[in-house]
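Below: one structure, written as structure tokens.
Taken together, the values in this text are just the output of simple stated rules run on the coordinates, not laboratory data. Predicted model, so just to flag it, every value in this text is computed and none were measured. In this analysis, Cβ positions are derived from the backbone assuming ideal geometry, glycine residues included, and neighbour counts consider all displayed protein chains.
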Amino acid sequence: MPKLTKYPVGIFPHYHGYCLSNLPASICAWLGIDPIRRTFLSPEIHKHIQGSFQNVILLVVDGFRLNLAKAWLYEQLHNKQGKSLWSDLADEIVFTPLTSIVPSTTSAALTTLWTGLTPAEHGIIGYELFLKEFGVIFNMVFQSVASSIDNIGSLQTVAFDPGTFLSVHTLGPHFKANGVQPISFQHINITHSGLSRMLMPEVDNYAYHTPSELWLSLENLLTTNSSQKRYIYIYWGDIDTRSHHYGPDNTQIQEEWNAFGNLLRQFLIKQKLKHKKDTLFLLVADHGQIPTDIVMDFELVNHPELLNHLIMLPSGESRLPYLFVLPGHEKSLEEYINKSWNSTFKLVPSKLILDSGLLGNAEPCQGTVDRLGNWTVIPEGNAYWWWVNKKNHLLGRHGGLSEQEMLIPFISIIL
């Protein structure tokens, strides 16, 4: 398998046991059923979480990068100077670093969590993707048209059906077929979004307005006796949202976690005191974030010559753009990138990206091949491209290969 050693790949996904993509198979094992794919977390992790459970709860904290989780949770758990809010759970919690997938972004990561497949296999490889069948670049989170090619596609003409778009199986029907009730808790704003409908067919959806409502609703659900095993998925997105707007190192982010984390801690302690030991609680992030400045030179509206080499606007991620380069323009494009930004952005053949296993080691689906373009851009440091036709306002971003974006926490506790 070819390597990407001459390119700025900070963290390569650890698809063989320490990656977000390994979690769905392990969740199936902890529920006592066969997985869709037998790509489990490492035996070292399973050594600490043995047996099967009546309930498995997975809390996904969007944008909760590893170093923040260590500072705000792990170090408090093992605080030697005095008792912390979390120290009464220190002997119960297992804390393990994992890698996110590539690209390190929500649409790809949540699709991995609901299919058990790598991005190469499921084809949701970015925030914005060129959908060949519709002739548009499509926003995969908001499920709306981002741009079209020569006005071939528009919002009115695209017959996108989130319920049938994925070409792979999802976990909801798999759980139901194996006697497990799949349940999701999401904020009311996204409970019935296009992305949720794409990923969660046959899943019982619960909407919450506030974190306190979330934990109370979950507590009430667990007091209801059920002969069925239950998989309970919880998504909380406030850290990611605020990190985009204020930067991931802003003090507001920690204050947001402290408020949410205190309610989480109260829930965990209350469940522990019941001594049932029939519920496995897991916390994971989908990705991290990296601080970014507003840099006019990274905005492609200021580089019309670059756009002249492309069939369409870039897609994918601002931190990992996919390019459809006009035939015969490859050399001119590379020369322009090197002249404009020195070595800040590296142009990589997309076939090499696929062959290297960066998006996963299995055979890529046709959607991945069609959507990746013929060249991929890997930025150095915290650089990015901004091509969206609106103000560049983000002080935190993800999708790239840096340690801040790729390293995520995995936390488990038996309740």
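Let me know the volume per residue of the alpha-carbon convex hull for the chain, in Å³. Please report the intermediate quantities before stating the final value.
On the way: hull volume 58.9 nm³, N = 415.
Measuring per residue, one finds 142 Å³ for the Cα hull of the chain.
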Fully extended contour minus Cα-Cα distance, from MET296 to HIS393, at 0.36 nm per residue: 33.8 nm
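So for region 350-392, what are the equivalent ellipsoid semi-axes in whole Å, largest first, each being the square root of 5 times an eigenvalue of the Cα gyration tensor?
Values: eigenvalues 123, 40, 14 Å².
For region 350-392, the ellipsoid semi-axes come out as 25, 14, 8 Å.
Which of rounded, prolate or oblate describes region 150-264 when judged by the alpha-carbon gyration tensor and an a/c cut-off of 1.5? Don't skip to the end; give the middle numbers.
Values: a/c = 2.62, a/b = 1.07, b/c = 2.44.
Judged from the Cα gyration tensor, region 150-264 comes out oblate (a/c at least 1.5, b/c at or above a/b).
Write out the trypsin sites (Lys or Arg not before Pro) in region 212-319 meeting two conditions: DSSP loop, and at most 16 other Cβ atoms within 10 Å of their Cβ. Could you put the intermediate results ahead of the total?
Details: sites: LYS229, ARG230, ARG242, ARG265, LYS270, LYS272, LYS274, LYS276, LYS277, ARG319; in loops: LYS274, LYS276, LYS277, ARG319.
Those that pass, being in a loop and sparsely packed, are LYS274, LYS276, LYS277.
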Choice from TYR18, TYR127, TYR246 with maximal GNM fluctuation in the chain (Cα, 10 Å cutoff): TYR246
Residues MET140, MET198, sorted so that the one with the fewest Cβ neighbours within 10 Å comes first: MET198, MET140
Helix 106-115 axis, angle to the chain major axis (alpha carbon atoms, nearest 10°): 50
Relative exposure of SER402, SER104, SER196, judged by other C-beta atoms within 10 Å (fewest first): SER196, SER402, SER104
Sequence of PHE53, PHE12 once ranked by neighbouring C-beta atoms within 10 Å, starting from the fewest: PHE12, PHE53
Degrees, to the nearest 10: 211-223 long Cα axis against longest axis of the chain: 50
Tilt relative to the chain, helix 251-272 - C-alpha long axis, 0 to 90 degrees, to 10: 30
Length-normalised contact order for the chain - Cα pairs under 8 Å, 6+ apart - percent: 28
Using alpha carbons only: equivalent-ellipsoid semi-axes of region 1-60, gyration tensor based, whole Å: 29, 11, 10
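Could you give the length gained by full extension between GLN266 and GLU92, i.e. 0.36 nm per residue of separation minus their alpha carbon distance, to one decimal place? Present the calculation step by step, with values, prior to reporting the outcome.
Working: separation 174, 0.36 × 174 = 62.64 nm, distance 1.45 nm.
Roughly 61.2 nm would be gained on extension.
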Largest to smallest principal axis extent of the C-alpha atoms in region 208-273, angstrom: 45, 21, 18
Separation of alpha-carbon centers, region 203-219 and region 336-375, rounded to whole Å: 40
In nm, spacing of pseudo-spin labels at GLN366 and ASN189 (7 Å Cα→C-beta vector): 3.7
Whole-number D in µm²/s for region 280-415 (Stokes-Einstein; Kirkwood sum over Cα pairs; 10 °C, 1.306 mPa s): 97
Theoretical gain in end-to-end length, ASN342 to ASN67 [0.36 nm per residue, Cα-Cα removed]: 96.0 nm
